[in-house]
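Undergrad: Next up is a structure, given as structure tokens.
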Amino acid sequence: MAGRKITVVISQAPGKNPVKRHLEEEIATRLMLSGTAEVSVVPHLYDLTADHTGMLWLKSLRGNLVVLGWLYPRAIRWVLDRNGVKGKEGESRLNRIEDADADDQEHPQEEVAASRGIGAIDVPNRLIYAIDLRNDGDPEVYIKEIERLADLVSVPLVQLGFGGGLQLPVLPGNGPATNGTATAHGANGNGTPDHSHNGDTGSVISGIFSNGNSNGTNGHAESPSLPMTSPAVIGGGDVRRRWYPVIDYSRCTNCMECIDFCLFGVYGVDHSDRILVEEQDNCKKGCPACSRVCPVNAIIFPEHKTPGIAGAEGGPVEDFKIDLSKLFGAPSALEMAVLERDQELVADGRDAVGAAVGLPKRQTCQNEKTRDDLDDLMDGLDSLDL
Amino acid sequence: MSEPLVFMMGKFEARIPVDRMYFESHFWAVPHGDALRVGFTAYAVRLLQDVYFLDWQIDPDTQVRKKQTIGEIESSKAVSTMYAPADGRVIQFNEALLNDPSLINADNYDKGWLYEFSTTQPLLSPDEYVKVLEAGWEQTQRLLKNQFNE
Ligand code: SF4
Ligand code: SF4
């Protein structure tokens, strides 16, 4: 079994939905019992602050990683990236939306967008698989996929055999592995928070942080409803809900339109002048305004009800139904953004600024999108009386 | 009553009654008491087809701005957000639709009205609305085709 072990972190659904909890626990328990994976459970990923024990735990993990959560894979991936949990994008079969017409091979737009972004930085040589738990209600689906991934990435492991020994395969022969060979060194002893192994299945890292809690929320782990087997929630179950933008750097071109648009000081730049969501908690709950301003749809609000804004791969069209919103008077993205921002400004006791401030200056129109989108963009600008 | 105007959507005849006014976002409006009753035009209904679901996201008697989101609609073929057709006040919704949105299909110009609205903004005459349809038909077809081809 040691030959095919992979690290799995389950990000809980916010709230207490019993169906979701059950799915999470089923997956965790079965994976642990079968010894396929090292499993741990953290509260809803998106709500974790950088210093939350659950996030620190994620940061401490090395090697290939599967993260399951109630978010679109893009959202999972870039929330992790923002918190320094970095890796190459692993492709899970579960994330391939069953293309009704499989012959529809090309998604030129997507590819163009993807290849033009500034990309993530400091990406280590490991894979991170992000999987949306809304894909399917059947735990078996996830178990199968994780077994497949475990096989895929498995390499002979060196058994380290004492506490803290997470056995993680490194990515087989793909780029510069940490120590040149495909052994599992480097997977451990990397400053992981001190923890003891729950010897039982040899794979349970449960309960480690059940009373260590760095952000002052209720520090008690939820008591597992499946005795012995279901891992405790790292850092405790109750986490304050948050709302903030997440940048997909595979798309972001660093054009700075978001930083110009946001009047709440959410955005900043890092030491190499890359755009950064700096003051996450300055963002206004429910407001997705800047995501509409971003010319390449790189800004994700993982909890927004519109799939396109929440990080779904394609556009906002649901269920292959036609979206008639444009016909029925939908504002352009920019008009919408301005309306939303004004609402938040007024709610804050400030004056609405309308279209007068921080609107994109898109004279260069770098956009290679379809002619239609361009038309809409122009219409939007015209009606804003710029 | 005079004959309605007709706009041809391919082979489909969209009737545009001349006893009322219109918004360019494909709603008709008829004075009713102090307010206007607003509903989908035949053009809109043809595109939607069978309406399954209608949900309003604002309370009755709410001041709205043009293009503000006020609800959602879903039909057999389409989904759409619903937007205020003009600056004004949404006074009340057609309760009958909440139980049975198919009235929109069965009787879009009368019992299938959506809400009562008051506005001081100018509306379109039937002729003007048909011109809007003529001008937009190409683009509508393109919109539909593009989405189908995705
Ligand atoms: S607007 Fe979009 S592309 Fe431009 S810097 Fe912001 S996130 Fe990146
Ligand atoms: S949603 Fe609004 S407040 Fe939040 S970052 Fe964007 S513009 Fe700023």
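Undergrad: Where residues in region A:238-254 are within 15 Å of ligand 2 (Cβ to nearest atom) and touching a Cys at 6+ places or on another chain (Cβ under 9 Å), which of them is farthest from the other protein chains (Cβ to nearest Cβ)?
TA: Among them, the one singled out is A:Ile247.
Undergrad: Taking region B:46-72 only, how many residues are facing chain A (nearest Cβ under 8 Å) and in contact (Cβ under 8 Å) with a residue 24 or more places away in the chain?
TA: 3
Undergrad: Next question, about the same structure. Which is open to solvent by 20 Å² or more (accessible area, probe 1.4 Å) and out of contact with any Phe, Trp or Tyr (no Cβ under 9 Å at 6 or more places or on another chain), of B:Gln68, B:Gln63?
TA: Details: B:Gln68 fails: out of contact with any Phe, Trp or Tyr (no Cβ under 9 Å at 6 or more places or on another chain).
Answer to the check: B:Gln63.
Undergrad: Looking at this structure, is A:Cys252 within 9 Å of ligand 1 (Cβ to nearest atom), at pLDDT 85 or above and outside any loop (DSSP other than H, G, I, E, B)?
TA: Here the answer is no, as A:Cys252 does not meet what is asked.
Undergrad: Look through region B:125-150, keep the residues that are within 13 Å of another protein chain (Cβ to nearest Cβ), open to solvent by less than 40 Å² (accessible area, probe 1.4 Å) and under 30 Å from B:His32 (Cα atoms), and return whichever of them is modelled with the lowest pLDDT.
TA: Here the residue is B:Gly136.
Undergrad: Return the total of residues in region A:255-275 being within 14 Å of ligand 1 (Cβ to nearest atom) and either open to solvent by 40 Å² or more (accessible area, probe 1.4 Å) or within 14 Å of chain B (Cβ to nearest Cβ) (or both).
TA: 7
Undergrad: A further question on this structure: Report whether or not A:Glu111 is modelled with pLDDT under 55 and within 25 Å of A:Val85 (Cα to Cα). Let's see the steps before the verdict.
TA: Working: modelled with pLDDT under 55: yes; within 25 Å of A:Val85 (Cα to Cα): yes.
For A:Glu111, the condition - modelled with pLDDT under 55 and within 25 Å of A:Val85 (Cα to Cα) - is met.
Undergrad: Quick one: is A:Cys283 under 24 Å from A:Lys86 (Cβ atoms), near ligand 1 (Cβ under 8 Å from one of its atoms) and either open to solvent by less than 20 Å² (accessible area, probe 1.4 Å) or not basic (Lys, Arg) (or both)?
TA: no
Undergrad: Going by the conditions given, is A:Leu339 at pLDDT 65 or above and touching a helix residue (DSSP H, G or I) at 6+ places or on another chain (Cβ under 7 Å)?
TA: When the stated conditions are applied, A:Leu339 does not pass them.
Undergrad: Would region B:92-99 turn up any residue that is at pLDDT below 90 and more than 14 Å from chain A (Cβ to nearest Cβ)?
TA: First, the residues of region B:92-99 that are at pLDDT below 90: B:98-99.
If we keep only those that are more than 14 Å from chain A (Cβ to nearest Cβ) as well, we get B:98-99.
Yes, region B:92-99 has at least one match.
Undergrad: Which one of B:Ser25, B:Ser80 is part of a loop (DSSP other than H, G, I, E, B) and either over 13 Å from the mean Cα position of the chain (by Cα) or under 27 Å from B:Ala135 (Cα atoms) (or both)?
TA: Checking each option against the conditions leaves just B:Ser25.
The values are calculated or read from the model by the stated rules, or taken from the named source; none is laboratory data. Just so we're clear, the structure is a prediction, and the values are computed from it rather than from any experiment. Please note: Cβ atoms are built from the backbone with ideal geometry, for glycine as well, and neighbour counts cover all protein chains shown. To get the accessible areas, we keep the full protein, side chains included, count just its heavy atoms, and leave off ligands, DNA and RNA. Shrake-Rupley method; radii C 1.70, N 1.55, O 1.52, S 1.80 Å.
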